[in-house]
Amino acid sequence: MSAVTVDIKGGDKYKKFLAKMAEIAGGVKAGILEDATNANKPGGAGIAAYAVWNEFGVPSIPVTEKMRAYMHYQGVHLKKDTTSISIPARPFMRTVAKEKPKTWVSAMVAHIRGHATEPARWKDALGVAGSMMKKDIQDSIQNGNWTPNAPLTVKWKAERGKSQPDKPLFDTGDMYNAITFQVVDKV
């Protein structure tokens, strides 16, 4: 996961305070964290790979005979001349990282206003920002204007009983539910 840097305007004193806050209170990270697993897979397979594929897309995945057989077993019947499939980029994290950081900083500032000399309150402010980050990422997944699912994907999801088979970024809900945040000592 990449870090988000917010350019703060407002003088050196303010920047020094924020640097001190980061040094003492730490930081916050949000998204699909290292220990996230896919609850619907045997052994709880890591879910970060799914998030990366969806975030950045995969332009061309070669269709092997093993993949073709697996997809057929899953109810996805590829044409014989299909040699590759793709996943379009749906940047649910990068969109939020671009649009929301100033909102998070404003919330932290509001939380510590009047309590600037209380480092414990700074950690609480990071938790406030982390909670907002989690919600914003989940809202992005839920409500983003993403590339539509391919007709084959819609059909496959419908056959598996999904209530919204045409909804991108949703299948089992594991990726959405894996979005979390963590206040950390060092960023």
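Every number in this text was worked out from the coordinates using simple rules, so none of it is lab data. Small disclaimer: the values here were computed from a predicted structure and weren't measured. Ideal geometry is used to build each Cβ from the backbone, glycine not excepted, and the neighbour counts take in all protein chains shown.
Just to be sure I follow the definition: excluding the sites themselves, where is the longest run in the chain that has none of the trypsin sites (Lys or Arg not before Pro) in a DSSP loop with at most 13 other Cβ atoms within 10 Å? For trypsin sites (Lys or Arg not before Pro) (loop position, at most 13 other Cβ atoms within 10 Å), the longest site-free span of the chain is 10-78. About the centre of its Cα atoms, the chain shows a dipole size close to 260 debye [charges on the beta carbon of Lys, Arg (+1) and Asp, Glu (-1) only; nearest 20 debye]. Relative to the longest principal axis of the chain, what angle (0 to 90°, nearest 10) does the C-alpha long axis of helix 119-143 take? The helix 119-143 is inclined about 30 degrees to the chain.
A simple count of charges around residue 99, restricted to other residues whose Cβ falls under 14 Å of its Cβ and scoring Lys, Arg +1 and Asp, Glu -1, yields +3.
Cβ-Cβ distance of residue 143 and residue 65, R₀ of 30 Å, FRET efficiency by 1/(1 + (r/R0)^6): the value works out to about 0.20. For the listed residue pairs 66/167; 16/135; 66/157; 80/162; 98/135; 100/157, the alpha carbons are over 24 angstrom apart in 66/167; 16/135; 80/162; 100/157.
The distance linking the range 137-187 with the range 46-109 is 10 Å (Cα centroid to Cα centroid, whole angstrom). The residues neighbouring residue 168, those whose beta-carbon lies less than 11 Å from its own, together hold a net charge of +1 under the Lys/Arg +1, Asp/Glu -1 convention.
Mean separation of Cα pairs under 8 Å and 6 or more residues apart, divided by the residue count, gives the chain a relative contact order of 34 percent. Helix 101-112: angle to the longest alpha-carbon principal axis of the chain, degrees 0 to 90, nearest 10? That helix lies at roughly 40 degrees to the long axis.
Between the listed residues 74, 176, 56, the Cα displaced farthest toward the positive end of the dipole of the chain, a dipole computed from Cβ unit charges relative to the Cα centre, is found at 56.
Between 26, 173, 161, the residue with the greatest mean-square fluctuation in the GNM of the chain (Cα pairs under 10 Å linked by springs) is 161.
Shown is the FRET efficiency for residue 20 and residue 121, computed with R0 = 22 Å from the Cβ-Cβ distance and rounded to the nearest 0.05: 0.95. Result for the chain in a Gaussian network model with C-alpha springs under 10 Å: among 137, 61, 47, the largest mean-square fluctuation is at 61.
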